[in-house]
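The values are calculated or read from the model by the stated rules, or taken from the named source; none is laboratory data. No experiment lies behind these values; they were computed from the predicted model shown. FYI the Cβ positions are ideal-geometry reconstructions off the backbone, even for glycines, and counts take in every protein chain you see. We work out accessible area using only protein heavy atoms, side chains counted, and drop any ligands, DNA or RNA first. Shrake-Rupley method; radii C 1.70, N 1.55, O 1.52, S 1.80 Å.
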Amino acid sequence: MNSGPLVPQTSALTRLRHAPCQPTIADDPAYSRGTDDLTLPTPRLDDPEAIAALAACLAEAGYTAAGLEESLGGPPAEPTEVLSRRLAGESPRNTLVRLFYLDEPVPTESAAAALHGLEIERLQEIGVLASAEDDTRAELRLVPHREILVAYDRGDSPPERSELLANMTARMHFASALDVSVGPALHGLLAARHTDRAVALVPDERAAALTRFAARLNGLANIECLVGEGLEPIAGHSFGLVTANPSCLVSPELEERGDSLCRELVQGIAAHLSEGGFAHVLAGWLIGAAEDWWSPLEIWVAGSGCDAWLLLEREQDPVAYAAARSGGEELDRWIAYLRSLPADRLASGAIVLRRRSRGSNWVRHEVMPTADIGPAGDQVVRAFVNHDLLVSTPDQDELLEEVLAIVEPQRIEETWRHQDEGLELASARARLDWGFGFNVGVDRYTIELLARIDGRRRLRQLFAEIATDSQLEEEVVARAGLPAVRRLLELGFLARA
């Protein structure tokens, strides 16, 4: 990234700050529309010792993502009134959960005990707590996410699909990172842990104040907040890592279609990527009649100077899309609006870019599995590296000279069925137990190949062994097995040794 500080530019709310990309009727807003209210207390940074002491108290009590699940008896996905009743017994952590996560007032005496002597008054002075009579409540919400705490206004939560974006982001070391955020910069804070310098581009001063407070709370001194519209505040700068979870709602209420804003953002981000850098952008888009889901995205990334991996999360027809976002008398108006667009379906997913200026850029596409996605940053990077290999070895004989290794953990699931003469293998699938959780159908010869891959022998030798054991011609086995090898490489089951 260019040297020197970036100059903040304050403007109206960014065009990308609309409703969340995939809300449901019951969802809370991803970022409170009330955060421009000047009566809200702004967390202050002028008592760093108090902030450090608060961080130490939270850590000692186990106020972490894992600790939160333990206190609440599972992932905190239920309404607040239900979660509150799940808290069993009194403990410092449960008091802090009520105070900072559930937005409940607690007896001041209990708050003081949970904070281990940290004066309530000091936290009041910096805008973290407020007291009335014998009760104390938090002025902001602290949401544990992985190894960090993110500060939100009371009642607010991370934008929908934040977990997906966090899981798929490459976590290698980068010199610089940019998070284009619709609120407090969760992904900027995460990036600051594995980059030399992170920049959070947020829509307003309130989001910037919450991000700066969270950075101090997490002991992160290498993150800078900019306020501005679009990507204007970072003009002339490039980054090794970019994350963005823009609002991309297609709604009759909006002057500009959400997918148009997503397209502009993707194209703008591509121009701000450093050579070899990765960008991870969640997006929504329209799909025309008889059009493949990836076709609009191929147009978005064409000529960007980047390789692109397009990932589909889900598709909906206009009726299903409207029903998930409106109700009652508004439903018909939404449906009529969506049907007036040149779209047969509406889709959501992710676009991963890697800037590569030398040679021809490639684009590939994949449907994400429907199961929960775990940390997949390493898998994303491996998918790009492996596709480079496949593009550079179009001749099958070249691929046979490669030495490959198994990426663990993975397993093979087999389905057997009864026949007159006993059991018969009906199907088998190789499945990754991490990341995107892809699975690939395999036959018995591919299973034998996976059992023999050891990171030392070339594919040609392994296929020769299988051919000998099966009394088949070596060339026949190799030609039949290479498509499966290419597929397993594409999805990250295999890697170059």
> Once Rh for segment 261-384 is found with the Kirkwood sum over Cα pairs, what is the Stokes-Einstein diffusion coefficient at 10 °C and 1.306 mPa s, in µm²/s?
Replying inline: 101 µm²/s
> Roughly speaking, to the nearest percent, how much of the chain's 1.4 Å accessible area is carbon and sulfur?
Replying inline: 50 percent
> Using Cα atoms only, what is the angle between the long axis of helix 205-217 and the major principal axis of the chain, expressed in degrees (0 to 90) to the nearest 10?
Replying inline: 80 degrees
>> At 1.4 Å probe size, put 341, 488 in order of accessible surface, largest to smallest.
In response: 341, 488
> With the contact rule set at Cα under 8 Å and sequence spacing of 6 or more, what percent relative contact order holds for the chain?
Replying inline: 13 percent
> When the chain is fully extended, how far beyond the present Cα-Cα distance does residue 125 get from residue 52, taking 0.36 nm per residue of separation?
Replying inline: 24.8 nm
> Per Stokes-Einstein, at 25 °C and 0.890 mPa s, what whole-number D in µm² s⁻¹ belongs to segment 184-231, with the Kirkwood radius over Cα pairs as the hydrodynamic radius?
Replying inline: 236 µm²/s
> What residues have an amide H closer than 5 Å to that of residue 136, excluding those fewer than 5 places away on the same chain, when H is modeled at 1.01 Å from N in the peptide plane?
Replying inline: 106, 108
>> Using alpha carbons only, how many angstrom separate the centre of segment 164-226 from the centre of segment 462-497?
In response: 44 Å
>> Debye calculation, C-alpha points only, no solvent: report log10 I(q)/I(0) for segment 324-447 at q = 0.13, 0.22 Å⁻¹, in the same order as the q values.
In response: -0.85, -1.38
> Roughly speaking, what is the stretch gain from residue 344 to residue 88, that is 0.36 nm per residue apart minus the C-alpha to C-alpha distance, in nm to one decimal?
Replying inline: 87.2 nm
> What number, in percent, do you get for the relative contact order of segment 437-490 if the mean sequence gap of Cα pairs under 8 Å and at least 6 apart is divided by its residue count?
Replying inline: 35 percent
> Taking the Cα atoms of the chain, what is the range of coordinates along each of the three principal axes, in descending order and whole Å?
Replying inline: 86, 54, 50
> Against the longest principal axis of the chain, how steep is helix 474-490, in degrees 0 to 90 to the nearest 10, with axes from Cα atoms?
Replying inline: 10 degrees
> Over segment 438-478, what per residue volume does the convex hull of the Cα atoms give, in whole Å³?
Replying inline: 77 Å³
> If packing is taken as the mean number of other Cβ atoms within 10 Å per residue, what is the order of 194-201, 301-308, highest first?
Replying inline: 194-201, 301-308
> With each label point set 7 Å from Cα along the Cα-Cβ vector, what nm distance links residue 480 and residue 434?
Replying inline: 3.3 nm
> Tell me, how many Å apart are the Cα centres for segment 85-101 and for segment 127-141?
Replying inline: 15 Å
> Give or take rounding to whole Å, what are the principal axis extents of the alpha carbon atoms in segment 383-497, in descending order?
Replying inline: 48, 36, 22
>> Please compute, over every Cα-Cα pair in segment 137-224, the percentage with a separation greater than 21 angstrom.
In response: 20 percent
> What accessible area per residue, rounded to a whole number of Å², is obtained for the chain using a probe radius of 1.4 Å?
Replying inline: 44 Å²
> How far, in degrees from 0 to 90, does helix 48-60 lean away from the longest principal axis of the Cα atoms of the chain, to the nearest 10?
Replying inline: 60 degrees
> Where does each of 114-120, 83-89, 342-348 land if you order them by average Cβ count within 10 Å, highest first?
Replying inline: 342-348, 114-120, 83-89
> Given +1 on the Cβ of Lys and Arg, -1 on the Cβ of Asp and Glu, and no further charges, what dipole in debye does segment 109-237 carry about its Cα centre, rounded to the nearest 20?
Replying inline: 620 debye
> What order, most packed first, do the peptides 42-55, 217-230, 91-104 have when packing is the mean number of other Cβ atoms within 10 Å of each residue?
Replying inline: 91-104, 217-230, 42-55
